[in-house]
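Working notes, structure below.
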């Protein structure tokens, strides 16, 4: 081939890839952008805005609300579970206290999750990460659910764990076995400090813990300004089969290996050797992530990679290799993504708060909440649905 023709072809390919990447980036919108988060209707002297760092969120489509969790990692936090209206034009709105009715005051919430039955689940750690005269009274950790179809968001489920169970909760997933029967539900809660998975069986009002080698970190995660070593953190549930079984996909925060275990195993309290996880594969160098999400419409899993500051994807019906992994969004502004989810309208949301699991937030970094239609996010990527 003529050298200049070859050069032209190469340049055209590069230009096409650049245009496709730019088109994908343009689809992602920054919905909210906070330099400082403030409470609505509260004097600034009553709280410490520097301590208010959202860690997780859940978007409720029906009421157009975003529920935001602010764990008590530092003093000066008035409310640990808050909300904003998602139709507000203000890109940096003040947050309001959660309008639900907990039967016991909430102490420290890290992540909210909305299930198939329109219930808002939160895991209350039961204690703050600091001590002192202004620290809230410690109580037992609890998994709690609120009915979002009730105008007052009434609390309908509360299960307290024994006081001997440790802190270190990461993400969690709510397994509604059959959406036609909302009473049969399990909750799988990761603990990145103890490298364990807490399981709650709502029907039997029972809970237990399992520890597997795949829950452990296999290295340190080294970022620009901090280093950490954490175990199992992110968990997401895949597609239901005819027997109502699902794959529970999970990752350790300090690892690039991707795992799954079937929910029909997790739903039964059993000896450790009964729980047999499957190693799906290694996602590659520097792909450490603490959060992932599954979209049931596209059957795609999205990963929030902290080192490369990007959101990547893998279509679960394809072999797990780099040929089938795509990049959805990449930006230096993604300082540290702590939560990612797909709402009931098919929108992919992700939160960047610049606050690592062990360390402190840089006050100069903005907190971002972004979204994109999940089906749009994969267009032009290796995860795209092909006819």
Most fluctuating residue of 374, 50, 236 in a GNM of the chain with Cα springs under 10 Å: which is it?
50
Given the range 123-203, report the % of alpha carbon pairs whose separation exceeds 19 Å.
46
From Cα pairs below 8 angstrom and at least 6 apart in sequence, can you work out the relative contact order of the chain, rounded to a whole percent?
13
What fraction of the DSSP beta bridges in the range 47-160 is antiparallel, stated in percent and rounded to the nearest 5?
95
Looking at the range 47-160, what % of the alpha carbon pairs are farther apart than 24 Å?
22
Mean-square fluctuation check for the chain, GNM, Cα pairs under 10 Å: which of 272, 72, 119 is largest?
272
For 88, 55, which order do you get if you count the other beta carbons within 10 Å of each Cβ and list the fewest first?
88, 55
Cα shape, the range 118-273, gyration tensor, a/c 1.5 rule:
oblate
Over the range 203-331, what is the relative contact order in whole percent, taking alpha-carbon pairs under 8 Å and six or more residues apart?
17
Note on the range 271-386: alpha-carbon gyration tensor, axes a ≥ b ≥ c; rule is a/c under 1.5 for rounded, else prolate if a/b larger than b/c, else oblate; result oblate
√(5λ) per eigenvalue of the Cα gyration tensor, the chain, largest first, Å:
33, 26, 20
Among 27, 310, rank each residue by its count of other Cβ atoms within 10 Å, from fewest to most, as a rough exposure measure.
27, 310
Computed, not fitted: 222 nm per-residue ellipticity of the chain from DSSP H runs ≥ 4 (each -39500 (n - 2.57)), nearest 500, equal to -2500 deg cm²/dmol
Among 263, 190, 338, which one moves the most in a GNM of the chain with springs linking Cα atoms closer than 10 Å?
263
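Values in this text are rule-based calculations from the coordinates and carry no lab data. These numbers were taken from a predicted model, which means no experiment stands behind them. Ideal geometry is used to build each Cβ from the backbone, glycine not excepted, and the neighbour counts take in all protein chains shown.
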